[in-house]
1. On a straight-distance basis, which aspartates and glutamates could pair with Lys110 in a cross-link, Cα separation under 20 angstrom, same-chain partners fewer than 8 positions away excluded?
2. Within the set of other residues whose C-beta is less than 13 Å from the C-beta of Ser166, count the net charge using Lys and Arg as +1 and Asp and Glu as -1.
3. Do you know the relative contact order of the range 330-463, to the nearest whole percent, from alpha carbon pairs under 8 angstrom that are 6+ apart?
4. Can you classify the range 317-463 as rounded, prolate or oblate using the Cα gyration tensor, where a ≥ b ≥ c are the square roots of its eigenvalues, rounded means a/c under 1.5, and otherwise it's prolate if a/b beats b/c and oblate if not?
5. Evaluated at 25 °C with a viscosity of 0.890 mPa s, what Stokes-Einstein diffusion coefficient in µm²/s does the range 226-317 have when Rh comes from the Kirkwood expression over alpha-carbon pairs?
6. Can you check what the net charge comes to around Ser440, using other residues whose Cβ is under 13 Å from the Cβ of Ser440 (Lys, Arg +1; Asp, Glu -1)?
7. Determine the relative contact order of the range 138-267: mean sequence separation of Cα pairs under 8 Å and six or more apart, normalised by residue count, in whole percent.
8. So what's the range 158-235 giving for Rg/Rh, alpha carbon basis, Kirkwood Rh from the mean inverse pair distance?
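Any read-out appearing in this document is the output of simple, stated calculations on the displayed coordinates, not a laboratory observation. Quick caveat, the model's predicted, so the values are computed rather than measured. Reconstructed Cβ throughout: ideal geometry from the backbone, glycine too, with neighbour counts over all protein chains shown.
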Amino acid sequence: MVRILSLFLLLAGSLWAQQSGVTNEAQKEPPDELGKFKYNCLFKHIAGCAELLFTGQPVHIAVGSIAPQNGFAAGLAYVGHNDTPDWSTSWTADAVASNNASWRAGVYLKFVDTRLKTMKPSFGTPSAGSTDTTPYPEQPVFNLYAQSISLNKLTFFGLGPDTTTSGRSFFGMTEHILGGNAIRPIYDRLNMGIYGEINGRAVDIRPSRGQPSSVEQLYNEAAAPGLTQQPFFLQLGGGLRIRPSAFNDLLHFNYDVSYRPFFAMSGPGFSFQRLTFDLNQEISLYRKNPLAPRDTNNPNDCRIDPSDPHSPCPPITSRSLQGSLGLRVYSVLSMTPGGDLVPFYFQPTLGGSDINGNSALSSYQDYRFRAPNLLLFQEKFEHSIGYWPVGFILRADQGKVALARGDLGSNHWVHSYATGLTLRAGGFPEAYLLFAWGGSEGTHTIGSINTSLLGSSARPSLY
């Protein structure tokens, strides 16, 4: 939490110190990383030095909240490119460790067909017109990746909507993911694309040492499917995504519908299928496109133009008013033919933040409600503070989980409200600091830094 607050103050001070003369200074900056370091750092140009250290290429410092309860992680990332007139090939490798000895390491390879029109940034102002904005068009993108993560502190309260805080237990988890995915545009008018993926997933569940109650002390295999054995999974997937805009670029949509079957390869009883709906609507107050992740960048790359190896990240010194109203509907439905069960470690959660760092029902503890089926509504208002990258957010969540799909309709809703600060500065990882209340179990303060650079693609989901 202290580190996140420090990041807010550091960037605010950097921008204040460099609010004039930005353009002229940028023209003097050397093109290579060593030259940029000598020019910006050693207390010469604070904002430029921060950009170089945390977003520079080929090497920069990697930071982020590795997973809720597992602390703030830091390490190094390497980024490389090999671009031709028709294709952009990029690769990155990173490794980070947190203060509780959790860690993540990965290698990510990306191929982008740059024969299509590339995306351009747009900055919103009160006087912006429709010609000032550019949508985020889909492009053919192919990814290969290998990622391993070890988390020493995860919580499990039992399954279903009726669990209590007295059932809290802890466990550790290691997951290895090897796979790839691809997205292909099919209809430009709706900015529509289809995608597919294939992943191999190997999970190991272990006791969480040094905690008051480890999961195997409170639960057995019947209460926590997958506790005693974790087979290797072959996970396939396919989906449809549309990201159009309407009403003179004031209304934006980001709809994603996917189907993912999980096949247990080394033991029966745990194969299942998952259908996911993630429907986002956003009303922009200044005709500003939402800061959607760009598939053309890997998690450590925030280049604006993937076809240009020297393309910069969006500068943190950019000034623009940003404001939006948003509504999200998110649902996960699981199917288990033949009486199989969904392993507890692959079930989605509500409460605090989930294992991927997405917050929902934030006034509750992390991972508070867990079940194979989930339904969530989120409403939010977010606005920048003046022309600064720091903003404030107000959000309301309503959610429910269910052991069976048919129970989602009858299960009770759980509510939560949150307010706080957000930070979206150039290519720096998005950060937020939230105070949440309104549930039946007290309040919760959450601080998080995204594991990917702003404007970069997400890492593989852990569930």
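1. Lys110 reaches Asp83, Asp86, Asp94, Glu138, Glu197, Asp295, Asp301, Asp305, Asp308.
2. Overall, the nearby charge balance is 0.
3. 22 percent
4. The shape class here is prolate.
5. The Stokes-Einstein estimate is 145 µm²/s.
6. Taking every other residue near Ser440 into account, the sum is -1.
7. Relative contact order comes out at 22 percent.
8. Details: Rg = 18.8 Å, Rh = 15.7 Å.
Checking Rg against Rh, the ratio lands at 1.20.
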